[in-house]
1. Under a plain spin-label model, where a point goes 7 Å from the Cα along Cα-to-Cβ, how far apart in nm are Asp208 and Thr131?
2. At a 1.4 Å probe radius, carbon and sulfur cover how many percent of the accessible area of region 83-224?
3. Starting from one equal scatterer on each C-alpha and no solvent at all, send me the Debye-based log10 I(q)/I(0) for the chain at q = 0.10, 0.11 Å⁻¹, two decimals.
4. What accessible area per residue comes out for the chain, rounded to a whole number of Å², with a 1.4 Å probe?
5. What size of dipole, in debye to the nearest 20, comes out for the chain about its Cα centre when the only charges are +1 on Lys and Arg C-beta atoms and -1 on Asp and Glu C-beta atoms?
6. Which whole-number percent gives the relative contact order of the chain, counting Cα pairs below 8 Å spaced six or more residues apart?
7. Apply 1/(1 + (r/R0)^6) to the Cβ-Cβ distance of Ala179 and Phe23, taking R0 = 30 Å, and write down the FRET efficiency to the nearest 0.05.
8. Loop-only check: which GluC sites (Glu not before Pro) in region 151-197 are DSSP coil with at most 10 other Cβ within 10 angstrom?
Amino acid sequence: MYKISVVLIYALIGASLSLAAPFPEAKDVLASVRLRQSQQELELHGQLREGPTVVPFRLTQTGPIIRYAFSNPDEALQLRLGDNESRLELVTREGVETITPAQFDHKVRGTSVTYEDLALRFLYWQTGRVTGENEIKSVDCWKLEMKAPSRQSQYSNVWLWVGKENGALMKMEAYDWNAKLLKYFEVVSGQKIEGRWFLKEMRIEERDPATGKVKTRTYLDIKK
């Protein structure tokens, strides 16, 4: 009788697992993130903080075009979110220059944030998969593993945690081509702006691949 009960329990567990909803496709999760990103219309103020350095900027978004405007000197980084790829541009008085992969590792105003980080290219990588689900800052998230399609990226693979309901990028771990953690991003707090969830503060850490220790720590703040 005992053996029959054990067998029955295992059978029920197996049946329940087989009936459980499968994870969504990574491409569908990323498409949702891109869609939510490109639907916003806003004008906000923000800053990058790294130790004693504070870099203010004005953030404006008109649909799929996001612009970070800096002063001293006056310039802007403009991100265009397309259907199949993103394009980051440097806008100065001299004109508009498209940021190339050779410039991806350039730092924004001397902080830990690079051009590649702002370009969000990993949202278009086709070699991704959803590996699980976790809760980050009380937000239910899908966990995705993204693999770079080529060595044009400074990252070989990126782990993403994406909010199931709000499509927000809650956490990110980026690894170099030796599989060592190079960059760590995590949302510290969020805010509601015109009924939509939006970032309030994010922590960005640049890690020493050899030791795993934090080399620099930058905060991205967004204000209403």
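The values are calculated or read from the model by the stated rules, or taken from the named source; none is laboratory data. Everything numeric here is computed off the predicted structure, so don't read it as measured data. Neighbour counts run over all protein chains shown; Cβ positions are idealised from the backbone, glycine included. SASA here: full protein model, heavy atoms, side chains in, ligands and nucleic acids out. Shrake-Rupley method; radii C 1.70, N 1.55, O 1.52, S 1.80 Å.
1. Simple spin-label model gives 2.6 nm for this pair.
2. Taking all protein chains in place, region 83-224 shows 44 percent carbon and sulfur surface.
3. Here the Debye-derived log intensity ratios amount to -0.50, -0.59.
4. Using a 1.4 Å probe on heavy atoms only, each residue of the chain averages 56 Å².
5. 400
6. Relative contact order, the chain: 15 percent.
7. After rounding to 0.05, the efficiency reads 0.80.
8. Answer by residue number: Glu165, Glu194.
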